[in-house]
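This report concerns only the one structure given below.
None of the figures in this text is laboratory data; all of them are computed from the coordinates on show. All of these numbers come straight from a predicted model, not from anything done at the bench. Here the Cβ positions follow ideal geometry from the backbone for every residue, glycine too, while neighbour counts run over all protein chains shown.
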Ligand SMILES: Cc1cc2nc3c(=O)[nH]c(=O)nc-3n(C[C@H](O)[C@H](O)[C@H](O)COP(=O)(O)OP(=O)(O)OC[C@H]3O[C@@H](n4cnc5c(N)ncnc54)[C@H](O)[C@@H]3O)c2cc1C
């Protein structure tokens, strides 16, 4: 970019490192404010590449992500390329399918496959396919270079930078379920889940009528399966309804195509160095994928930063510390919640207690939509700050006396039981008697 006309303009220059999801969106936010934006991406431009290396994960886009896209006028463009997802569909071992809605009618997640392909049209894109380096001057460097961020590594050399990373014992592997007679092989508008306690498989629909099935399992279990016949035996035992749908030959072949991938959770603080450099997206907070919030949280980073830019009149020296102050507790909260859902998705959805709780939550939300809001609803369908959603969830659990209900349930060791519990609000003395028959 040396000598280009933009270099001599008076506009402030923002260098966005990483042209993935969050980097591309961030470029739009800065460009909308009239900054000179340069995006640095190590990978080839996938709009032009003949062969795109790597993985394409289909992602659940929910309220927070949509709000950020809306801000830069991209919401409709992206949403029109997605598939609405109304509920989870739980597959039992016997092949029985039971839906669990996400929230109220009309509250849906959207599956999108990649990418803000056209998002960075307003920004200068600098591609470095040969891997060489170049020094670039910028007023602000925004590190959006993902979970293994090179920008974050520079932070590690400074004092008072807190950092932790945790690899979970599970890896993930993707398998494809092809269409049948040109149509989806299963019901399309669902997140299909096969929970098997210590591991699980999920399937998400794609626009080409395929499903991407993702098997999450401890690495040691992946490694135990070494032949095609063992793959079939394993699927016969745990996911029998999927063998015909994925195809036995495809299963035998695709299981060994790529090794299972690791999942890491990263927390750090602060997110900034002075008024010069800031981290966003996975570079600041990689989370395990079980709440479907990694990208959504990264997109929300952009909108939060933008709101603070308004508040502090685009003064980076004031904006960056405030961004750290506001955003760190929320990103840490979603990292913890994603870990919590890691267990909920593969184990709790099998339990009657979990299903009962979901019904109680939804019922109370129906009765008192402002007082009781299910955690999943707050996280997925609102912009309630993540850490406030967690605090409120703890408070709700206290007032609904879930522990007492659970104790009573375990005392009554019958399949058919009646529970009577009380929901007490000290302020207004409302008491609700719940009776549950099973
Ligand atoms: C299996 C799985 C399922 C998921 N499902 C969901 C979901 O349903 N919903 C959801 O919200 N999130 C989901 N996520 C999380 C989501 O994928 C990430 O949070 C999101 O991709 C983060 O975007 P990012 O732009 O911060 O990082 P990335 O997408 O990792 O992009 C970083 C970019 O930086 C580039 N880069 C790296 N190093 C450099 C460098 N030194 N210089 C220049 N460029 C560099 C990379 O090539 C890449 O393009 C899932 C993740 C996984 C693994």
Item to check | If the convex hull is drawn through the Cα atoms of the range 167-270, its volume per residue in Å³ | outcome: 129
Checklist entry - Given a cut-off of under 8 Å on Cα pairs at least six residues apart, what relative contact order in percent is computed for the range 226-359? => result 23
Next on the checklist: Test of understanding: ordering 59, 355 by Cβ neighbours within 10 Å, fewest first, what list do you get?
Outcome noted: 355, 59
Item to check | For 386, 271, order by how many other beta-carbon atoms lie within 10 Å, fewest first | outcome: 386, 271
Next on the checklist: Using Cβ contacts closer than 10 Å as the measure, can you line up 395, 194 from fewest to most?
Outcome noted: 395, 194
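Working out 0.36 nm times the residue gap between residue 392 and residue 33, then minus their Cα-Cα distance, what length gain in nm do you get to one decimal? If you can, show how the numbers build up before the last one.
Values: separation 359, 0.36 × 359 = 129.24 nm, distance 3.50 nm.
Working it through step by step, the gained length comes to 125.7 nm.
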Checklist outcome for this item: Highest mean packing first, using Cβ neighbours within 10 angstrom, the peptides 138-150, 253-265 sort as 138-150, 253-265
